[in-house]
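Visitor: Got a structure for you, questions after.
Read-outs: derived from the displayed coordinates by stated rules, not from any lab. Bear in mind that the values here come from a model prediction, so they are computed numbers and not experimental data. Don't worry about glycine lacking a Cβ; one is built from the backbone with ideal geometry, like all the others, and counts go over all protein chains shown.
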Amino acid sequence: MRLRPTFAAAAFAATSAMTLSCAALAQEAPAVSESALRAHLSFLADDLLEGRGTGQRGGALTVRYLETQAAAIGLKPIPGGGYRQPVRIQGTKQLPGSLASFNAGGKRIAPALGKGIVFGTAGGKTDLTVDAPLVFVGYGVSAPEENWDDYKGQDVKGKILVMMVNDPQPTASEPNRFSGKAYTWYGRWLYKFEEAVRRGAAGALLIHTTPSASYAWDVPANGFSHERFRLAGAGNPVEGWLHEDTARELFAASGFDLDRLRAEAEKREFRPVDLKTSAQIVMKSAVRQVDDVNVVGIVPGTDPKLKAQAVVYSAHWDHFGANPNLVGADGRDHIYNGAVDNATGTAALLAMAAEAVKKPARRTQVFLWPAAEEQGLLGSAAYVANPVVPLAQTAADLNLDSLNFVGRTRDIGVPGAERSSLYDTAAVVAKKMGLKLAPTIPDLSGAYFRADHFNFAKAGVPAFNVGSAVFSGDGHFEFEHAHPQGSAKMVGYKKDYHQVTDEYRPEWDLSGMVQQAQFTLNLGYAVANAPGMPTWKKGDAFARVKR
């Protein structure tokens with residue numbers, strides 16, 4: 001959906017008071033402690049935890065710390081005992097000897113691995129040989145609400161699907177189809193791989209272009225050169241990317257014009273095209289099972305009826321861990337500490353939970369620290385598949401990821417909240433705190449689909465990522481005090497994002513981080529104490545999801 005202001009959003013001040021009862025706002029959340037937040041943050045980002053890596057010792061140490069703190073705070077464990085929720089993950093790393101070739105129009109084409117093609121498997125096999133025909137399926141999208149279906153009922157079982165990245169583009173006659181220039185879920189590579197699985201395909205290959213993917217070829221090339229993780233039992237036998245030059249060569253050798261087929265794929269009438277090309281793929285992989293863990297703590301509700309419903313607060317605990325390949329004689333840093341991403345959110349949730357247990361709300365509050373977010377939102381997906389409170393009784397998920405480390409602001413970001421009545425509630429809460437909501441901007445990079453809240457939204461639970469420094473769009477914040485370099489620091493963090501330089505600094509001003517955590521807790525209390533549950537805006541794609 002294009003994230004743009006609407007009449008309803010502009011008029012929230014006149015109507016939002018009616019959406020919340022006086023009682024819901026009267027019971028305010030207790031104050032979040034900055035000292036507690038800083039203590040947790042400095043520890044979680046320390047070298048001792050080795051970057052909190054999936055399947056690494058540092059990840060296990062992090063889980064032990066979180067469950068110990070949850071018990072000390074007084075959070076109730078999951079029914080049945082303990083704070084750990086198992087997350088079964090499959091790690092796969094491609095080994096030497098893997099290769100791909102294509103028979104196109106009698107011509108054998110063998111693109112260089114890493115340069116012309118990247119691929120892997122999520123099917124769990126260590127040795128895999130695939131010989132399958134290629135079918136071009138346009139964008140690979142089936143979107144009933146857009147009256148769009150690239151498959152047209154064609155059976156693609158056992159075939160390798162070749163797809164374009166992004167969404168069908170807007171036209172002069174339909175400027176807002178698939179939310180115009182903004183990304184929708186259908187444009188994401190993960191959706192396209194998932195759709196291939198649902199249709200029983202042998203695999204999926206995405207045609208890379210920098211404009212359509214919004215990143216250069218080296219991003220998927222680097223991603224497929226490392227161990228990749230999926231939830232156990234989920235994924236395609238073959239999935240990967242074709243460099244645009246490789247795709248052009250394949251299409252031309254089979255007698256097709258890539259640009260012409262791309263143009264055809266922009267029309268609703270498009271039908272899948274048999275490329276009359278077969279792929280021969282040999283894959284050798286190291287496969288391991290990783291038993292990871294979500295950490296979950298509960299504050300039971302006080303209302304005899306409403307306590308069966310819940311508000312979820314989430315913040316992923318993982319990062320990229322330690323990379324021994326970076327260790328050398330020059331003493332190079334080899335630990336991806338992930339201080340901002342996401343020791344900040346992890347610490348904030350601990351500080352929030354410590355206060356929530358002192359003053360429970362009418363609805364139950366669930367504090368969730370998902371695993372393996374950096375590997376594809378895997379922990380939150382596992383939680384949604386097996387929730388502590390049924391999703392039909394889950395009012396909202398409020399996610400924290402990469403918090404403000406610069407200072408207090410005069411506004412707060414709520415990107416994606418406008419999809420539901422959470423926007424109106426957030427506006428009331430912000431006003432009560434002397435804040436305003438940051439302007440809604442088009443989501444040109446698909447940010448809404450790249451954090452843990454999205455798994456809740458995809459399952460029909462209103463959810464968004466609260467005021468993130470990374471996912472707020474242009475990185476602009478209105479600072480409460482004279483912070484001439486505040487926004488510059490936020491933007492400057494991009495060079496540290498997912499790098500070993502994302503480290504905790506004792507001189508950080510955490511007042512803005514506390515403000516962000518407090519807003520999230522206040523919003524959670526407003527939702528938890530309201531007489532009714534939040535609702536999706538009419539026509540939103542996720543409103544039709546059945547829980």
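Visitor: Give the percent of DSSP beta bridges with both residues in the chain that are antiparallel, rounded to the nearest 5.
Guide: On the way: 49 of 80 bridges.
Expressed as a percentage, antiparallel bridges in the chain total about 60.
Visitor: I'd like the Karplus ³J(HN,Hα) series for the range 100-109: coefficients 6.51, -1.76, 1.60, θ = phi - 60°, whole numbers in Hz, and an x wherever there's a Gly or Pro.
Guide: Each residue of the range 100-109 in turn: 9, 9, 10, 9, 10, x, x, 9, 8, 10 Hz.
Visitor: If you don't mind, another one. Sticking with the crude label model, points 7 Å out along Cα→Cβ, report the distance from Ala216 to Ala60 in nm, one decimal please.
Guide: Result for the modelled spin labels: 3.8 nm.
Visitor: Then there's this: If the only charges are +1 at each Lys and Arg Cβ and -1 at each Asp and Glu Cβ, what is the size of the charge dipole of the range 92-287 around the Cα centre, to the nearest 20 debye?
Guide: With only Lys, Arg, Asp and Glu charged at Cβ, the dipole is about 420 debye.
Visitor: Ok, one more. Pop a pseudo-label 7 angstrom from the Cα along the beta-carbon direction at both Val287 and Glu194 and give the gap in nm to one decimal.
Guide: 2.2
Visitor: Which whole number in µm²/s is D for the range 92-287 by Stokes-Einstein, with the Kirkwood Rh taken over Cα pairs at 25 °C and 0.890 mPa s? Don't jump to the answer; show the numbers that get you there.
Guide: Working: Rh = 16.9 Å.
The Stokes-Einstein estimate is 145 µm²/s.
Visitor: May I ask you to work out the translational diffusion coefficient for the range 375-416 at 37 °C, viscosity 0.692 mPa s, via Stokes-Einstein with Rh from the Kirkwood sum over Cα pairs, reported in whole µm²/s? Walk me through the numbers on the way to the answer.
Guide: Working: Rh = 13.3 Å.
D, rounded to a whole number, is 248 µm²/s.
Visitor: Continuing with the same structure: Would you compute, from DSSP H runs of 4+ residues alone, the mean residue ellipticity of the chain at 222 nm, taking -39500 (n - 2.57) per run and dividing by the full residue count, rounded to the nearest 500?
Guide: Values: 16 runs with 142 residues, N = 547.
Roughly -7500 deg cm²/dmol at 222 nm, from the helical runs in the chain.
Visitor: Roughly speaking, what is the stretch gain from Ser35 to Ser278, that is 0.36 nm per residue apart minus the C-alpha to C-alpha distance, in nm to one decimal? List each step's numbers first, then the result.
Guide: Values: separation 243, 0.36 × 243 = 87.48 nm, distance 6.12 nm.
Here the segment from Ser35 to Ser278 would lengthen by 81.4 nm.
Visitor: Among Gly180, Ala459, Ala322, whose Cα sits farthest toward the positive end of the charge dipole of the chain (+1 at Cβ of Lys/Arg, -1 at Cβ of Asp/Glu, about the Cα centre)?
Guide: Of the candidates, Ala459 comes out farthest on the positive side.
Visitor: Another one. Report the charge-dipole magnitude of the chain in Debye, nearest 20, computed about the Cα centre from +1 at each Lys and Arg Cβ and -1 at each Asp and Glu Cβ.
Guide: Working: 58 positive and 55 negative charges, 264 e Å.
It comes to approximately 1260 debye.
Visitor: Let me ask something additional. Could the peptides 84-95, 455-466 be put in order, highest first, of the mean number of other beta-carbon atoms found within 10 Å of their residues? Mind dumping the intermediate values first?
Guide: Values: 84-95: 18.7, 455-466: 25.6.
Put in order of decreasing packing, that is 455-466, 84-95.
Visitor: At a Förster distance of 51 Å, what's the computed FRET efficiency of Lys107 paired with Asn386, Cβ-Cβ distance as r, to 0.05?
Guide: Working: r = 49 Å, r/R0 = 0.96.
Approximately 0.55, to the nearest 0.05.
Visitor: Which value, to two decimals, describes the C-alpha radius of gyration of the chain once divided by 2.2 N^0.38 Å? The partial results should precede the final answer.
Guide: Values: Rg = 23.7 Å, N = 547, 2.2 N^0.38 = 24.1 Å.
After normalising by residue count via 2.2 N^0.38 Å, the value is 0.98.
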